[in-house]
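Notes follow the structure.
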Amino acid sequence: MRASILFSAAALAFAAGAAHAADAESSRSMELGTIMVTPDVVDPDSLYAKLGGADGVNIIVDQFYSRSMIDNRLREVLANAGMDVGRQKELFKQLLVAKATDREEAAAELSAEYAEAFRENPMSHSQFNAGIENLYLAMEDANIPYYVQNNVMHVVFPLKDQVTD
């Protein structure tokens, strides 16, 4: 009986230690929806790395949406999209991470979900272009080199046909 209690206590201690280790690992990882990016699997030459990893993506997308929500050209269309702005931001982050880490299948699903938000209230072409301008400015603020900014535009530009009228 005593051995059984000791074994149970040891098993609980092991499980608690494993949970703590998992928490520590997740703090070094970026999880966006179903996409998990850990530092040990990121190619240092990848777009993700060039954007500054998780911190860089968060800064860029947060700055992009901050700019866009005060931009008279975009505020209304973003606010009236088929999903709240917080969800739009999260999807945009996920899409950027998926494309920047070459997860094409996930990127295709995320693009479709993001585009769905604008099906009932699509952007005009000039509004999309205003968004591109704000994204460039957000990346400039984050000191992203221009050639990397252009790589991001290769990720974003295919959305134009999906979110515009």
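Read-outs: derived from the displayed coordinates by stated rules, not from any lab. The shown structure was predicted, so the numbers you read here are calculated from the model rather than taken from an experiment. No Cβ is skipped: glycine too gets one built from the backbone with ideal geometry, and neighbour counts run over all protein chains shown.
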Give me the distance in nm between label points sitting 7 Å out from Cα along the Cα-to-Cβ direction at R119 and V155, one decimal. 2.5 nm
Take peptides 56-65, 154-163 and line them up by average Cβ neighbours within 10 Å, highest first, as a rough protection proxy. 56-65, 154-163
Taking the Cα-to-Cβ direction at M83 and at L137 and moving 7 Å from each Cα, how far apart do the two end points lie in nm? 2.5 nm
The simple spin-label model distance between A49 and Q162, using points 7 Å out along Cα→Cβ, in nm, is 2.7 nm
At a 10 angstrom cut-off on C-beta neighbours, averaged per residue, how do the peptides 90-102, 126-138 rank from highest to lowest? 90-102, 126-138
For region 130-141, in order, what is each residue's ³J(HN,Hα) by Karplus, 6.51 cos²θ - 1.76 cosθ + 1.60 with θ = phi - 60°, in whole Hz (x at glycine and Pro)? 5, x, 4, 4, 5, 5, 4, 5, 5, 6, 4, 4
